[in-house]
Amino acid sequence: LDSKLPSLGTTIFSQMSALAQKYQAINLSQGFPDFDGPDYLQQRLAYHVAQGENQYAPMTGVRSLTKAIAQKNKTLYGDTIDADSQVTVTAGATEALYAAITALVRPGDEVICFDPSYDSYAPAVELSGGVLKRLPLQPPEFRVDWPAFSKLLSKQTRLVILNTPHNPTGTLWQASDFAALWQAIKDFPVFVLSDEVYEHICYNPGGHVGVRSHAQLKERAVAVSSFGKTFHMTGWKVGYCIAPDYISSEIRKVHQFLTFAVNTPAQLALADMLNAQPEHYLGLPEFYQAKRDRFIDALSNSRFKVLPCQGTYYLVVDYSAISDMNDVDFCVWLTEEVGVAAIPLSVFCGQPFDHKLIRLCFAKQQRTLDAAAERLQKI
Ligand code: PMP
Ligand code: GLN
């Protein structure tokens, strides 16, 4: 078959999880918790199933959920969102990203992203006939070089894709980054896709700053989030995007023939959860910071060097004191020989990325993290 994506294989997340299973390694690779989400959320799911809420949901999302999302963002960020015309519930953030890219990118359009970048962006851009321009971010800060960004902009630029809090590096965009982005693109007809799935897992005192905090950018932006991260239920695959009416209506044209609608009882349960227990997502920074700090502490007795982590549930560590293998080989070795699975950073990059850095997921029970740290301390 003449493949539309000839160079694409299976995602690194599936590969590393399979390898972890094969070698019975502790799996700190693919990003998912090894504990369950809140009881209340599970009870509400069972309740709505029992109530017979088992048929198609409205195409754009169950109304109680789109309203709860708008309300949450009003309370948390002071953002005014029209639940009916600006929120679209999708099958995970992955679908929101794909639908937004498909709706916005035309053949020949250029799309700028920042490397390391999440692995679903590039294939979606390619399938739309877009051309990806990757701006490398340099460790350990991984901040955007704005003059270099401006050089990448051209008459063909259609979309900029960013991610904050950032997977895999744990860095955050600040208000000054959004101001710089606006200055750079304001005279170009460019849209912004902001992947904010870790918005509630953010450790800096001011909290998450999203694209919609910028008054002008938000008129051109799609903000994407996911309940998988927020409620420890990555398998539920419910996410959403927020965009102005004129962009939302285009995204919905794609969404209605990609999935049409999303799991009804899960949406109803998530709406109940958002309304009844805001303390859950408000408590996530404290919850994950305790895990992060204890894990960092344990790794301080190892030869790994930990990079700063301001958000997400990933730690990037430098293994250059241990090995001069490349990061992919090192992750395979670590899984097979040490019994800990991790993700190499180079797989998030389009250009050669010659740093000795890997990603460890700390969304794990304490005993899992302690057992992993014990193994990592020995090498
Ligand atoms: N974007 C980023 C940065 C992610 O890390 C993930 C998955 N963890 C997604 C998007 C996809 O989210 P979902 O599982 O809701 O599709
Ligand atoms: N987003 C998760 C991660 O970064 C993986 C999601 C997936 O496996 N597609 O690990």
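The trypsin sites (Lys or Arg not before Pro) of the range 151-227 that DSSP puts in a loop, and whose beta carbon has at most 14 other beta carbons within 10 Å, are 155, 186. In loop segments of the range 253-317 as defined by DSSP, the chymotrypsin sites (Phe, Trp or Tyr not before Pro) with at most 16 further C-beta atoms inside 10 Å of their C-beta are 260. Let a ≥ b ≥ c be the square roots of the eigenvalues of the Cα gyration tensor of the chain; is it rounded (a/c under 1.5), or, if not, prolate (a/b larger than b/c) or oblate? It is oblate, given that a/c is not under 1.5 and a/b is not larger than b/c. Could you let me know the centre-to-centre spacing of the range 242-288 and the range 32-93, using Cα atoms, in angstrom? Between the Cα centres of the range 242-288 and the range 32-93 lies a distance of 5 Å. With the cut-off at under 18 Å, measuring from each backbone N in the range 1-43 to a point 7 Å along the Cα-to-Cβ line of residue 375 picks out 13-35. Note on the chain: with charges restricted to the Cβ of Lys and Arg (+1) and Asp and Glu (-1), its dipole about the Cα centre is near 280 debye. In plain terms, the residue of 5, 172, 369, 127 with the fewest other Cβ atoms within 10 Å comes first and the most crowded comes last, giving 5, 127, 172, 369. Counting 0.36 nm for each residue step from residue 354 to residue 85 and taking away their Cα separation leaves a gain of 92.4 nm. Remark: the range 267-379 carries a charge dipole of roughly 180 debye about the Cα centre, counting +1 on each Lys and Arg Cβ and -1 on each Asp and Glu Cβ. One Cα centroid belongs to the range 343-357, the other to the range 358-378; the line between them spans 21 Å. Report, ordered by chain and residue number, the aspartates and glutamates lying within cross-link reach of residue 305, taken as a straight Cα distance under 19 Å and ignoring same-chain residues fewer than 8 apart. Within the straight-line limit of under 19 Å, residue 305 reaches these aspartates and glutamates: 141, 293, 297, 318, 324, 327, 329, 354, 370, 374. A Cβ-based charge dipole, computed about the Cα centre of the range 27-95 with Lys and Arg at +1 and Asp and Glu at -1, lands at about 220 debye. State the answer as a single residue: which of 41, 123, 210 lies farthest towards the positive end of the charge dipole of the chain, with beta carbon charges of +1 for Lys and Arg and -1 for Asp and Glu, about the Cα centre. So the residue we want is 210. With a/c under 1.5 counting as rounded, go ahead and sort the range 201-325 into rounded, prolate or oblate using the C-alpha gyration tensor (a ≥ b ≥ c being the square roots of the eigenvalues; past the cut-off, prolate if a/b is larger than b/c, else oblate). The shape class here is prolate. Applying 1/(1 + (r/R0)^6) with R0 = 25 Å to the Cβ-Cβ distance of residue 54 and residue 256 gives a FRET efficiency near 0.80. Remark: the residue 46-residue 337 segment gains 100.5 nm on full extension, using 0.36 nm per residue and subtracting the alpha carbon distance.
Extension gain, residue 216-residue 145: 0.36 nm per intervening residue step, less the Cα-Cα distance, totals 23.4 nm.
Read-outs: derived from the displayed coordinates by stated rules, not from any lab. All values derive from a computational prediction rather than experimental measurement. Virtual Cβ from ideal backbone geometry, glycine too; neighbours counted across all protein chains shown.
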